[in-house]
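Trainee: Take a look at this one; I'll ask things after.
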Amino acid sequence: MKNFQVAIDGPAGSGKSTISKLIAKELKFQYLDTGAMYRAITYQALALKINLEDDTAYQFIEKLKLEYKNDKMYLNGKDVSLEIRKPNVTNNVSTVAKNKSVRIKMKDFQQKIASNGQVILDGRDIGSNVLPNANLKVFLTATIECRANRRFLENQAAGIKSSLKELLEEIALRDHTDATRKYAPLKKADDAVTIDTTELSINEVCAEIIKLIHERMF
Ligand code: CDP
């Protein structure tokens, strides 16, 4: 099987994981949600009560068993997919993701997973840092109002109460922290294709990306 790497980056709520999961299913690619990995580390860091700003406090990652399979995140064998979406993790993940030692370990891990077969990774620095030679790089955007509204509807569907105003603030703060950090910030790679998803349906975005994959694969 020919190796093929797809990198999907973009700010919070731009649709990366929804779109990536659907494309992976349709094309039988392996999917890795790199945001879920940063969230799992945040979950563990909070449990251990370390100082999240202290780059030297993350040695625990060496012994951590992180696995992403069937769209679920496992930490030391336990499925933490639901826990890592909770507000406490969401509100701290960008602080954890700023640390250089965390990013170095995640990059190494993600590159190993992506080195074989046909893969799709979504995150913030996949095209610009983790997979600089990816066959296709996509940068998804949407207005912040649209992104907050999507999160609001997602929460509603999952039975989680949330406020649109608070979601707007949380997303704006996280985007700012992600885009201004020193190491591997959220950034569009020079050779990435930008897709503004504000006015597009999920199916339309998937169709556009699948078309690009086919153009580059065959
Ligand atoms: O799904 P959502 O857009 O809320 O975020 P996510 O993809 O789960 O990512 C959560 C956080 O992890 C981001 O806000 C970043 O701080 C961090 N992250 C990162 O720094 N680099 C990545 N490649 C992926 C996520």
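Trainee: Using only the alpha-carbon atoms of the stretch 119-209, report the extent along each of the three principal axes, biggest first, to the nearest angstrom.
Mentor: 41, 34, 21
Trainee: Out of THR90, ASN70, LEU22, whose Cα points farthest toward the positive end of the dipole of the chain (charges: +1 Lys, Arg; -1 Asp, Glu; placed on Cβ)?
Mentor: ASN70
Trainee: Note down the magnitude of the dipole of the stretch 132-218 about its Cα centre, charges +1 on Lys and Arg C-beta and -1 on Asp and Glu C-beta and zero elsewhere, to the nearest 20 debye.
Mentor: Details: 13 positive and 14 negative charges, 63 e Å.
Once rounded to the nearest 20, the dipole reads 300 debye.
Trainee: If you don't mind, there's one more thing I want to ask. So which of LYS105/LYS187; LYS2/LYS63; LYS69/LYS188 end up more than 23 Å apart, counting from Cα to Cα?
Mentor: Details: LYS105/LYS187 19 Å; LYS2/LYS63 33 Å; LYS69/LYS188 27 Å.
Over 23 Å Cα-Cα: LYS2/LYS63; LYS69/LYS188.
Trainee: Report P(r) for the chain: all Cα-Cα distances, bin width 10 Å, range 0 to the bin holding the largest distance, values in whole percent.
Mentor: 8, 35, 39, 17, 2
Trainee: How long, wide and thick is the stretch 43-162, going by the Cα atoms along their three principal axes, in whole angstroms, largest first?
Mentor: Largest first, the stretch 43-162 extends 40, 36, 27 Å along its Cα principal axes.
Trainee: Loop sites only, by DSSP: take the trypsin sites (Lys or Arg not before Pro) in the chain that have at most 13 other C-beta atoms within 10 Å and name the longest stretch containing none of them.
Mentor: On the way: sites that count: LYS2, LYS28, LYS49, LYS65, LYS161, LYS182.
Counting only loop sites that pass the neighbour cut-off, the longest clear stretch is 66-160.
Computed from the coordinates by the stated procedures, all read-outs in this text should not be read as laboratory data. None of these values were measured; they are calculated from a predicted model. All Cβ positions, glycine included, derive from the backbone under ideal geometry; neighbour counts span all protein chains shown.
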